[in-house]
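Below is one structure, written out as structure tokens; comments come after it.
The values are calculated or read from the model by the stated rules, or taken from the named source; none is laboratory data. Here the structure is a predicted model, which means the values were calculated and not measured. As a convention, Cβ positions derive from the backbone with ideal geometry for all residues, glycine included, and neighbour counts pool all protein chains shown. Heavy atoms of the whole protein, side chains included, go into the accessibility calculation; ligands, DNA and RNA do not. Shrake-Rupley method; radii C 1.70, N 1.55, O 1.52, S 1.80 Å.
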Amino acid sequence: MNSKELVNIAVDALEEIKAMDIKVLDVGKLTSLFDYVIIASAGSSRQTKALAENVREKVKKAGGVILCFEGEQTGEWLLVDLGEVIVHIMQPEARKYYNLEGLWTE
């Protein structure tokens, strides 16, 4: 499965559980570690966890591999590492504070 397919699956999974402000950043020119970063917001820790779990389930169902799943304990910021695609699901306060969009845009 290529990185664009992973992006489509992840975005569909996020939209299905009503993630807010989904951004897909092409970072392939900035790092050789991965091709895309997806950032999405959730209104609560419960929604953050549900979004991350839905991404994990949809990617596995499509034959993809989950390399890492972090942040389940607090639910403020969850990371789902799909290899070529990294998915960050954050509550709005954390997203504003860490400003990942600013970090990964040229």
Subject >> Convex hull volume of the stretch 64-106 per residue (C-alpha atoms, cubic angstrom) >> reply: 72 Å³
Original post:
Which whole-Hz couplings ³J(HN,Hα) result when phi for each residue of the stretch 35-51 is put into the Karplus expression 6.51 cos²θ - 1.76 cosθ + 1.60, θ = phi - 60°, listed in order with x for Gly and Pro?
Top reply: 9, 9, 10, 10, 10, 9, 10, 9, x, 7, 5, 5, 5, 4, 5, 5, 4
Subject >> Computed helical MRE - 222 nm, the chain, DSSP H runs ≥ 4 contributing -39500 (n - 2.57), nearest 500 >> reply: -12000 deg cm²/dmol
Original post:
Taking Cα pairs under 8 Å and at least six residues apart, what relative contact order does the stretch 50-106 come out at, in percent?
Top reply: 24 percent
Subject >> Net charge of neighbours whose Cβ lies under 10 Å from the Cβ of V37, counting Lys and Arg as +1 and Asp and Glu as -1 >> reply: -2
Original post:
Quick one: if the Förster radius is 35 Å, what FRET efficiency do K60 and L30 give, using the C-beta to C-beta distance and rounding to 0.05?
Top reply: 0.80
Original post:
Among bridges DSSP assigns within the chain, what percent are antiparallel (round to 5)?
Top reply: 70 percent
Original post:
When the accessible area of the chain is computed with all protein chains present and a 1.4 Å probe, what percentage of it is carbon and sulfur?
Top reply: 49 percent
Original post:
Dipole size in debye (nearest 20) for the chain around its Cα centre, Lys and Arg Cβ +1, Asp and Glu Cβ -1?
Top reply: 180 debye
**OP:** Determine by what factor the alpha-carbon radius of gyration of the chain differs from 2.2 N^0.38 Å, reporting the quotient.
**Re:** 0.96
**OP:** Would you mind calculating the relative contact order of the chain from Cα pairs under 8 angstrom and at least 6 residues apart, reporting the percent as a whole number?
**Re:** 29 percent
**OP:** Mind checking which lysines have their Cα closer than 29 Å to the Cα of K18? Skip sequence neighbours fewer than 8 apart in that chain.
**Re:** K4, K49, K58, K60, K61, K96
Original post:
Where only protein heavy atoms count, and the probe is 1.4 Å, what is the accessible area per residue for the chain in Å²?
Top reply: 57 Å²
